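A short reminder: the numbers here are calculations on the coordinates, not readings from a lab. Source: prediction; values computed, not measured. Positions of Cβ are backbone-derived with ideal geometry, glycine not excepted, and every protein chain shown enters the neighbour counts.
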Amino acid sequence: MALMDFIKKQFIDIIQWTETGDGTLAWRFPMAEMEIQNGASLTVRESQVAVFVNEGQVADVFGPGMYKLTTQTLPVLTYLKNWDKLFESPFKSDVYFFSTRQQVDQKWGTPQPITIRDKDFGAVRLRAFGNYSFRIGDAKLFHTEISGTRDVYSLVDLDGQLRGLVLQNISNAIASSGVPFLDLAANQIQFAEALATQLVPAFAKIGIKLENITVQNVSLPEELQKVLDQKIGMGMVGNDMGKFMQYQTAQAIPKFAEGAGSGGGIAGDAMGLGAGVALGQVLAQNLSQGLSQNNPAAAPAQQPVVAVVNPADVMTTLEKLGELKAKGILTQEEFDAKKAELLKKLV
C-alpha cells in the first residue's frame, strides 16, 4: 500500500509564477500533497522575489533568475532539515512569490478635516489629498509582518493600512516642514517632502518601500479663507491701515444698507437709507484724509469735514478692530493707534 502511494504521488519539477493581473502582492505556490523534486527548476522573473518557508520559518530567499534546487542553492533549508550534502529525495516546503514592481497611483486623503497645531493660528483644521507609489522592499519582513500564510495577498488588503499611516503622520509632517498653515497651498512640494520623510521609516517597518508621494490639494477652512482674503487686501494697499479702513468701509456700505433695509416696508427702507447715509459720511471723511495724506501741499486749502460721531458706532468699530487684531491682521501697535484716534472723536 505504501509503495502504491509513493507511485501515485506527484513531484514538482518546475516552480514559477506568472502574474495574471494587477493588484496581487503575494502568492503561494499550490503544493497540495505534492513534493518538490531534488534538482527542480525555480524561475523568478524580474519584479519578483521567491521565499521558501519551512514549518513556518522563513528559509531561503531568491531574487530574479533561474535556479536548480539542490543543497547548494538551499543552504538554510538544508540546515533546517538536517540534510547531508548528498540528499536526493523529494521534500516539502511552502514557496511564496512576491511582486516587487511599483504599485502606482495609490490615493490618499482626509475623509474628515484633521486638527493640527499652527504657530500663527493655534489649532486649525484642514483637508488634503494626493497619491503615492510603493513597492515591496523586504519580502521576508513583509511575509512575517503582513501577508503570512494566505494563498493570495492583494493590494486591496493593504490599502487601508497604508492610508492610515499617511493620515497618522500628516500633523508631524506639517510641524517638521516649518511652513505656516496659510502657505501650505503654495508649498505643496515642500509639504510632500516632509510627509515622505515621516512615512519612509513607518513603511519600512512592514517591508514596504515608499517610492513617491504627492500632495495635490490642501483645503483651508472657511474662516481661515476669510482671514487670507483680508491679508491679501492689506497687501494690495501696501499694508496702509488708513487705506485698508477706507476699503473695508466702501465694501460694507451696500451690504449694511441692504441688510438694514430688508425689514420690509417704509420703515425698513428708511433704516437702510439712513445706514447708507451714515456710512457714506464716514467714507467721505476717510477719503478726505487719504487725499490729504497723498497731497500734503493741498491739505491746508481744504475745509475739514465735520461729521457727527455716534458713540455706538465708535464702539462697533473698536470691536471690529479687536477681531482683526485677534486674527493677526492688525498688530498691537496699529490697534492702539486706531483706538486712540477713535476715542479722541468722543471728547
### Query
Roughly how many nanometres apart are two label points built 7 Å out from the Cα toward the Cβ at E55 and Q216?
5.1 nm
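Report, in listed order, any pair from K119/K345; K107/K327; K107/K205; K119/K344 with a Cα-Cα distance greater than 31 Å. Provide the component values of the computation, followed by the final result.
Working: K119/K345 37 Å; K107/K327 34 Å; K107/K205 21 Å; K119/K344 35 Å.
With Cα atoms farther than 31 Å apart: K119/K345; K107/K327; K119/K344.
Net charge within 12 Å of A139 by Cβ-Cβ distance, Lys/Arg positive one each and Asp/Glu negative one each, not counting A139 itself? Walk me through the intermediate numbers first.
Values: positive: R135, K140, K209; negative: D60, D138, E145.
Residues close to A139 contribute a combined charge of 0.
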### Query
Any idea how far apart A204 and T316 come out in nm if each label point goes 7 Å out from Cα toward Cβ?
6.2 nm
### Task
Please list, or write none, the aspartates and glutamates whose alpha carbon is within less than 20 Å of the alpha carbon of K68, excluding same-chain residues fewer than 8 places away.
D13, E35, E46, D60, D84, E88, D94
### Query
Hey, rough spin-label estimate for I189 and Q161, points 7 angstrom out along Cα→Cβ, what's it come to in nanometres?
3.4 nm
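Give, in nm to one decimal, the length gained when the segment between I114 and N172 is fully stretched (0.36 nm per residue of separation minus the Cα-Cα distance). Display every interim value, and only then the final one.
On the way: separation 58, 0.36 × 58 = 20.88 nm, distance 1.22 nm.
In short, 19.7 nm is gained.
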